[in-house]
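Asker: My questions all concern the structure below.
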Amino acid sequence: MSELLQLTPNGLYCPVGDFYIDPWRPVDKALVTHAHADHAAFGSRSYLTAASGVELLRLRVGAEAKIEGTAFGEDLSIGEARVSFHPAGHILGSSQVRVEHQGEVWVVSGDYKVEHDPCAEPFEAVSCHTFVTECTFGLPVYKWPQSKVVAADIQRWIAENQRAGRASVLLGYSLGKAQRLLSLLSDLEEPVVVHGAVARFLPAYRRAGVELPSTISANEMHARLSLPPVVVAPPSVQRTPWLRRFQPFELALASGWMMVRGTRRRRAVDRGFVLSDHVDWDALCNVIHATGAERVLATHGYTGALVRFLREAGLEADELKTPYGDDLEAEIERAEMAQQAEN
Ligand SMILES: [Zn+2]
Ligand SMILES: [Zn+2]
C-alpha cells in the first residue's frame with residue numbers, strides 16, 4: 001500500500017513530495033520539526049524548518065548547512081504535496097508538519113505541549129486524517145502541575161537557599177528547558193549564572209522577543225554577585241569541577257520524570273521540579289480528539305498504552321517505531337557515555 005508518509009531506514013518519507021520529516025540519517029531534503037538532536041540529524045543537503053527555529057537549527061547542524069525558514073501557516077508546494085508548518089509549543093520555533101495530497105491530510109506532531117510557555121509559540125491543533133503523535137509521557141499517571149505553581153515552588157526554594165547562604169543550581173535540558181527555567185526567574189534581583197551549553201541558545205531566544213533575566217557566565221560570578229548565585233545548567237555538569245565551584249549548593253532537576261518515584265534519588269539531586277515540555281496524558285488525549293484524526297500513529301515513549309486506549313475508543317491506532325527519544329534522558333546518556341570514555 002502506498003502511504004502519504006512511509007517509514008524508511010532514513011526516517012519518515014513522503015514519496016509524492018520527495019522529502020523526509022525529522023530524518024535520523026542525512027537525506028537530500030529534510031523538513032525539521034525542531035532543533036533537538038533526536039529530530040535534527042546532521043548532514044542533510046537541505047533543511048526546511050519554521051522561521052523562528054532557523055537560528056537554533058543552525059547551532060545544531062552547523063553554520064554551513066543550507067537551511068530555509070517558513071512562516072507558520074504558510075502554504076508550500078513540494079513536489080505534488082502541499083505542506084505547512086504549525087506551532088507545537090515545545091521549544092522556540094517547534095512545529096508540527098501538515099502534509100496534504102489529493103485531499104488526504106497527515107500531521108506529524110514532533111514533540112509538543114499545550115501549556116503556556118513564554119519561550120515557545122502556542123500549540124495549535126490541526127485537523128487531519130492521520131496524526132503521527134509523540135507520547136513521551138503517554139500514561140494516565142502523568143499529569144503536570146500548572147507551571148505557575150512550579151515557578152512559585154522554585155522561587156521559594158531559591159529564597160530558602162539564599163537565606164541559608166547556599167547557591168541554587170537548577171538542572172534542565174540545555175535547549176528549551178533551560179530557557180524556560182530562566183523565563184520563570186525574571187524577578188530575581190541579580191543576574192543568573194548560566195552554563196555555556198545553555199548560553200549558546202540564548203541570543204536566538206532574546207532576538208525572538210522572549211523575556212529572560214540578565215545572565216552571566218560562571219567566570220563573571222564573583223565580580224558581579226552579592227547574594228549566593230542562582231545557576232542554570234544542563235544535567236551533564238553533575239559531578240564535574242564546573243559544578244563544584246558553587247559549593248555550598250543545592251541541586252534541583254526540572255523534568256517530567258520528576259513525577260516518577262525514585263528519579264530524584266537516582267539522579268542524585270536534592271530537589272525535583274515537575275516541569276515538562278511534552279504533553280501529559282490528558283493533554284495528549286485532548287489534542288488527538290481535537291485533530292479529528294481517524295488514525296493515530298504513536299511514537300516516542302509509552303506507545304503501547306496509548307495504542308490500546310485509542311483502539312478501545314474505536315480509533316485506528318498503531319505504533320510507529322522511530323529512534324526519537326526523550327531529550328533529557330538522551331542528553332544524560334550522552335554525557336555519561338562521554339564521561340566513561342574520558343575515565
Ligand atoms: Zn524535543
Ligand atoms: Zn524528541
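Asker: Is there a residue in the range 257-265 that is more than 22 Å from the chain's Cα centre (by Cα), basic (K, R) and not in a strand (DSSP E or B)?
Answerer: Yes, the range 257-265 contains at least one residue that is more than 22 Å from the chain's Cα centre (by Cα), basic (K, R) and not in a strand (DSSP E or B).
Asker: Tally up the residues in the range 91-145 that are within 13 Å of ligand 1 (Cβ to nearest atom) and at positive phi, please.
Answerer: Of the residues in the range 91-145, 2 are within 13 Å of ligand 1 (Cβ to nearest atom) and at positive phi.
Asker: Count, please, the residues in the range 266-297 that happen to be within 16 Å of ligand 1 (Cβ to nearest atom) and assigned to a strand (DSSP E or B).
Answerer: Going through the range 266-297 one residue at a time, the tally reaches 0.
Asker: Residues of the range 27-41 being within 16 Å of ligand 2 (Cβ to nearest atom) and open to solvent by 10 Å² or more (accessible area, probe 1.4 Å), which ones?
Answerer: Listed by number, the residues that qualify are A37, D38, A41.
Asker: Condition check: in contact with a Phe, Trp or Tyr (Cβ under 6 Å, 6 or more places away or on another chain) and among the charged types (D, E, K, R). Does D280 satisfy that?
Answerer: yes
Asker: Need the failing condition index for A305 against (1) within 16 Å of ligand 2 (Cβ to nearest atom); (2) part of a helix (DSSP H, G or I), just the number.
Answerer: Here A305 meets the rest and fails (1).
Asker: Which pairs turn up if I take residues in the range 102-124 that are open to solvent by less than 10 Å² (accessible area, probe 1.4 Å) and assigned to a loop (DSSP other than H, G, I, E, B) and look for partners that are of a type in the set (F, W, Y) and within 16 Å of ligand 1 (Cβ to nearest atom) with beta carbon separation below 7 Å, at least 6 apart in sequence or on another chain?
Answerer: That search, which allows pairs on different chains as well, returns Y112/F123; K113/F123; C119/Y205.
The values are calculated or read from the model by the stated rules, or taken from the named source; none is laboratory data. Please read these numbers as outputs of a predicted model, since none were measured by experiment. Please note: Cβ atoms are built from the backbone with ideal geometry, for glycine as well, and neighbour counts cover all protein chains shown. For accessibility, only protein heavy atoms count, side chains too; no ligands or nucleic acids. Shrake-Rupley method; radii C 1.70, N 1.55, O 1.52, S 1.80 Å.
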